[in-house]
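Read the figures in this text as sums done on the coordinates, not as results from a lab. Since the structure is predicted, the reported quantities are computational estimates derived from the model, not experimental observations. So basically every Cβ, Gly included, is an ideal-geometry build from the backbone, and we count neighbours across all protein chains shown.
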Amino acid sequence: MGTMSKQQTTENTRDVFAVYTQCFDKIQGNVERANPQFLQSITNLQQEYLAACGNFVHNVIASQQNYVNKIGINTSAPEATTKVVYGITDEIIKGFDVQSKMVHTALDATKQHIKAINENATSFAALNQNIINSWISMWNQKN
């Protein structure tokens, strides 16, 4: 069996908590680097989807309008009908605005909860450290 260098021995007997911390930090750094690209990909996909939907609707309307005009159908709508359509459109937009505000509020609340959890975890860790120090102090006094 070959002899191990001092560096190999040190690497093999490294503190497990240091290893865990280093590995976690490496994973977290990777996630933090990848996350903006992931979010940008989702945004790009959403924009492409919305553009495709808009294109589809405009093409369908143009096609139907072309067909109706060629066969001579009157496309005039009574004022009451157009008023209802515009009213529905306004209500749909208001609904999207309310939904957006609700999601924004929920995300803000979630962010605040995460901050509180983080602060509580820090306080809990400090409390645990104080308890451990107290136990060790009592243990050392008895021995």
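Could you bin all the Cα-Cα distances of the chain into 10 Å bins starting at 0 and give me the percent of pairs in each, rounded to whole numbers?
Reading the bins upward from 0: 8, 12, 20, 16, 13, 10, 8, 6, 4, 2, 0.
To the nearest 20 debye, what is the magnitude of the charge dipole of the chain about its Cα centre, counting +1 on the Cβ of each Lys and Arg and -1 on the Cβ of each Asp and Glu? Numbers along the way, then the final one.
Values: 11 positive and 11 negative charges, 67 e Å.
Around 320 debye, computed over the chain.
Calculate the length of the line joining the C-alpha centroid of the stretch 76-117 to that of the stretch 29-65, in whole Å.
Here the two parts' Cα centres lie 20 Å apart.
Measure nothing fancy, just the Cα-based angle from helix 79-142's long axis to the longest principal axis of the chain, in degrees from 0 to 90, nearest 10.
With both axes taken from Cα atoms, the answer is about 0 degrees.
Using the Cα centre of the chain as origin and beta-carbon charges of +1 (Lys, Arg) and -1 (Asp, Glu), tell me which of GLY95, SER76, ILE27 is placed farthest towards the positive end of the dipole.
ILE27
Check the straight Cα-Cα distances from LYS83 and name the aspartates and glutamates below 17 Å, setting aside those fewer than 8 residues away within the same chain.
GLU91
Helix 16-71 versus the longest principal axis of the chain: what angle, 0 to 90°, nearest 10, using Cα atoms?
Computed tilt is about 0 degrees.
With unit charges on the beta carbons (Lys and Arg positive, Asp and Glu negative) and the dipole taken about the Cα centre of the chain, which residue among ASN44, THR105, ALA121 sits farthest to the positive side?
Highest projection toward the positive end goes to ALA121.
Send over the per residue convex hull volume for the stretch 77-143, Cα only, as a whole number of Å³. Intermediate results must be reported in sequence, preceding the final value.
Details: hull volume 3.0 nm³, N = 67.
Spelled out: Cα convex hull of the stretch 77-143, divided by residues, is 45 Å³.
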